[in-house]
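The values are calculated or read from the model by the stated rules, or taken from the named source; none is laboratory data. These figures come from a predicted structure and were not determined experimentally. Note that each Cβ is placed from the backbone with ideal geometry, even for glycine, and that neighbours are counted across all protein chains shown. Heads up: the accessible areas ignore ligands, DNA and RNA and are worked out on the full protein's heavy atoms, side chains in. Shrake-Rupley method; radii C 1.70, N 1.55, O 1.52, S 1.80 Å.
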Amino acid sequence: MRAVLVGPPGAGKGTQAQILASELSIPKVSTGDIFRANVSGGTELGKRAKSYMDRGDLVPDEVTNEMVRARLGEPDAREGFLLDGFPRNVAQAETLDGMLKEMGTGLDAVLELKVDEDEVVKRLSGRRSCRECGRVYHLDYDPPAKEGVCDACGGELYQRDDDREDVIRHRLQVYREQTEPLVAFYEEQGVLVTIEAIGEVTEVTGRALSALGTGS
Ligand code: ADP
Ligand code: AMP
């Protein structure tokens, strides 16, 4: 399956992508995770992306598109993938269509996660992420067994720089202006499926699997 997750920051894309990718045996490709790994590794790509990320703006398309092209060309993504955080505007979506066409394929589904803004702000303010494996927690909704420590790998949990209230507001504005038009774009292509992303993580996963036509 070749699928994309769309939704505002904090909708639960990363949380669901991790579970769905494992359920569907396809790699999760998260552009945010790849950028953050490059920032912490001090690579050229990370240096180019950092100031945009800190402000909550989109990294320029030419940088992002090339990074995705390289990732989707890797052997593990040949048979399928789940994109999280890409595309983020119509130009990126058109580039993705072109890339997939070159590969002789296309998207099977675009899954929209719907959550209202108040909930998203609560989710992002309490989000903590593992420095080592990237697993995501929430201080109230999904706390780790031991404070500050990742259940999965024992890594240190930290708060992302862009999860500060002022940056969160800006990211939501960027979502509304640049990313939300993708919903109509993919609806027109006939690949859009939408679910309510509120409730327990496992309930949302169940809805996602049914919407993708892979649920029991
Ligand atoms: P995104 O990748 O869309 O920005 P995340 O997956 O990082 O979102 O989730 C944002 C925050 O919300 C995290 O702290 C996560 O633990 C929490 N979260 C995810 N799904 C749910 C849910 N169904 N209910 C409550 N909190 C959730
Ligand atoms: P995320 O982890 O998806 O919340 O992304 C964190 C940040 O990485 C965003 O606020 C952007 O600065 C950058 N980013 C992630 N994906 C993209 C993308 N597809 N296009 C441009 N910037 C992106």
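What number goes with the only condition from (1) in contact with a Phe, Trp or Tyr (Cβ under 9 Å, 6 or more places away or on another chain); (2) under 28 Å from Tyr158 (Cα atoms); (3) polar (S, T, N, Q) that Gln16 does not pass? All conditions are met except number (1).
Among the residues of this structure, Gly134 does not count as one that is surrounded by fewer than 19 Cβ atoms within 10 Å (Cβ to Cβ) and either in contact (Cβ under 8 Å) with a residue 12 or more places away in the chain or farther than 16 Å from Ile198 by Cα (or both).
Looking at this structure, is Ala145 open to solvent by 50 Å² or more (accessible area, probe 1.4 Å), modelled with pLDDT of 95 or more and within 28 Å of Ala93 (Cβ to Cβ)? No; evaluated as a whole, the condition is false for this residue.
In the set Leu72, Leu82, Leu96, Leu45, only one residue is within 16 Å of ligand 1 (Cβ to nearest atom) and either among the aliphatic types (A, V, I, L, M) or on the phi < 0 side of the Ramachandran plot (or both); that residue is Leu82.
Would it be correct to say that Thr194 is of a type in the set (Ser, Thr, Tyr), touching a helix residue (DSSP H, G or I) at 6+ places or on another chain (Cβ under 6 Å), more than 16 Å from ligand 2 (Cβ to nearest atom) and modelled with pLDDT of 95 or more? Here the answer is no, as Thr194 does not meet what is asked.
Exactly one residue among Ala145, Ala211 is without any contact (Cβ under 8 Å) to a residue 12 or more places away in the chain and away from ligand 1 (no atom under 11 Å from the Cβ), and that residue is Ala145.
Residue-wise test of (1) within 24 Å of Gly206 (Cα to Cα); (2) free of Cβ contacts under 8 Å to residues at least 24 places away in the same chain.
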residue: Ala17; (1), (2): yes, no
residue: Ser22; (1), (2): yes, yes
residue: Ile26; (1), (2): yes, no
residue: Ile34; (1), (2): no, no
residue: Lys50; (1), (2): no, yes
residue: Glu62; (1), (2): no, yes
residue: Asp84; (1), (2): yes, no
residue: Ala93; (1), (2): no, no
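Here the condition is being out of contact with any Ser or Thr (no Cβ under 8 Å at 6 or more places or on another chain), in contact (Cβ under 8 Å) with a residue 60 or more places away in the chain and within 16 Å of ligand 1 (Cβ to nearest atom); of Asp118, Asp140, Asp57, it holds for Asp57 alone.
Does any residue of region 153-173 turn out to be among the hydrophobic types (A, V, I, L, M, F, W, C), over 19 Å from Asp33 (Cα atoms) and outside any strand (DSSP E or B)? Among the residues of region 153-173, not one is among the hydrophobic types (A, V, I, L, M, F, W, C), over 19 Å from Asp33 (Cα atoms) and outside any strand (DSSP E or B), which makes the answer no.
Mind listing whichever residues of region 1-42 are over 25 Å from Gln189 (Cα atoms) and away from ligand 1 (no atom under 16 Å from the Cβ)? Listed by number, the residues that qualify are Ser25, Asn38, Val39, Ser40, Gly41, Gly42. If I filter region 5-27 for residues that are open to solvent by less than 10 Å² (accessible area, probe 1.4 Å), among the small types (Gly, Ala, Ser) and part of a strand (DSSP E or B), do I get at least one hit? No, that holds for no residue.
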